[in-house]
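Here's the structure, in structure tokens; my notes come after.
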Amino acid sequence: MLNNLIKTNFIDVGNNFLKFIRKFYVMIVLFFIYLPLIIVVLLSFNGQTKKGNIDMNFSHNFSFVNYFYLFNNNAFLNDLLNSTIVAIITTPITLIIALMACFGLWNSQKIQRNLIMGICKATFILPEPIIAISLCMLFMSTLIPLGFNFGLLTICLAHISYYSPYAVMIIYPKIMKLNTNLILASYDLGYSKIKTFFNIIFKTLLPSLLSATIVVFGLSFDEFIITNLVNGSFQTIATKMYMTRKGIKAWIITFGAMIIILSIVVTFISVLIKIQKTRRYRLVKMRRKYENKN
């Protein structure tokens, strides 16, 4: 009797545990994935050692001293400005090139379209160090003999070359869904090509353009491998961060924590906006049903 009771209790505990895992396994997996990021945020509120490394002792009181030092670090602010300048220059040029390429693909034959799309996809397959070396050799054989040096120009050219296929892959599917009848109707109504582009094409492509902008800007901002081979003496946040030795610097942890917190805030706001739009859509739908019944 006692053995049967123990077995029954053990089975019930096992079933309850399985139900818990099935219900919350996604949250558990996400917790272990984001646990290192949580630790980074917590460490950013620790102090730092005399050498500028992060203090790993959680027994100390939390403080904002690392953030104070970060925004008073002229070297960090200069590297941050350099990374921002590179991303700001790279992003619009990359989007323009990608947009022109997508329109060319849209009007090309299927064989040419498949060939060019295959070349764009090859960028994701090729190892990034190989691409970085090839770009470095290209600049050494073309720009350096003309009197240019490795720096901001070579970094921007390398980023534009490398990230244009990324933008093409994001924008191209949306262009293929363009309604040609709307464009032809716009021409029939007397609109010029420029007005048609901004009133119809641009509005249709706006979500994909925003997505491509975010992706290209983010990738260009923290690119290291390509930047490190063509930067010369021009330092960015990525090159400064990855070339740091002798311990984990406090400014790296603090800057990483700021990026994590900013990402969480932006994601939270976007989710709230989406929920609000969904609620409004449901209310409008319910009102229409009520008006139709009456």
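A short reminder: the numbers here are calculations on the coordinates, not readings from a lab. Only a predicted model underlies this, so the values are computations on that prediction, with no experimental measurement involved. Cβ coordinates were reconstructed from backbone atoms using ideal geometry, including for glycine residues, and neighbour counts include every protein chain displayed.
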*When you count, for each residue, the other Cβ atoms within 10 Å and take the mean per peptide, how do 154-163, 265-274, 128-137 rank with the highest first?*
154-163, 128-137, 265-274
*Would you mind checking which residues have amide H under 5 Å from residue 48's amide H? H placed 1.01 Å from N; only 5 or more apart, or other chain.*
55
*Quick one: grab the alpha carbon gyration tensor of region 144-294, order the square roots of its eigenvalues as a ≥ b ≥ c, and give me rounded if a/c is under 1.5, else prolate or oblate depending on whether a/b is larger than b/c.*
oblate
*Using the per-residue mean of other Cβ atoms lying within 10 Å as a proxy for protection, in what order, highest first, do the peptides 42-48, 188-194 fall?*
42-48, 188-194
*For a label point 7 Å along the Cα-to-beta-carbon line of residue 142, residues of region 152-183 with backbone N under 20 Å*: 152-168
_Given the DSSP H assignment, sum -39500 (n - 2.57) over each helix run of at least 4 residues in the chain and divide by its residue total; what's the result at 222 nm in deg cm²/dmol, nearest 500?_
-26000 deg cm²/dmol
*Treat each spin label as a single point 7 Å out from the Cα along the C-beta direction, and report the residue 53 to residue 39 distance in nm.*
1.6
*If you place +1 on the Cβ of every Lys and Arg, -1 on the Cβ of every Asp and Glu, and leave all else neutral, what size is the dipole of the chain about its Cα centre, to the nearest 20 Debye?*
1540
_Using the Cα centre of the chain as origin and beta-carbon charges of +1 (Lys, Arg) and -1 (Asp, Glu), tell me which of 176, 80, 41 is placed farthest towards the positive end of the dipole._
176
*Anything over 26 Å Cα to Cα? Flag those among 177/277; 23/277; 121/193; 177/274; 203/289; 121/249, in the order listed.*
23/277; 121/193; 203/289; 121/249
*asked:* Starting from the 7 Å offset along Cα-to-Cβ, what nm value, one decimal, do you get for the label separation of residue 128 and residue 197?
replied: 3.3
*Can you pull the Kirkwood radius for the chain, inverse mean 1/r over Cα pairs, to one decimal in Å?*
24.2
*Go ahead and run the numbers for FRET between residue 78 and residue 206, Cβ-Cβ distance against an R0 of 30 Å, rounding to 0.05.*
0.30
_Most to least packed among 211-219, 117-125 [average Cβ atoms within 10 Å]_ = 211-219, 117-125
*Taking 0.36 nm per residue of separation and subtracting the Cα-Cα distance, what length does fully extending residue 24 through residue 289 add?*
91.7 nm
*Chain lengthening between residue 267 and residue 121 when straightened (0.36 nm per residue, less Cα-Cα)*: 49.7 nm
*Mind checking the alpha-carbon convex hull of region 94-196 and giving the volume per residue in Å³?*
133
*Among 237, 210, 135, whose Cα sits farthest toward the positive end of the charge dipole of region 78-248 (+1 at Cβ of Lys/Arg, -1 at Cβ of Asp/Glu, about the Cα centre)?*
210
*Subtracting the Cα-Cα distance from 0.36 nm times the residue separation, let me have the gained length for residue 277 to residue 177 in nm, one decimal.*
33.6 nm
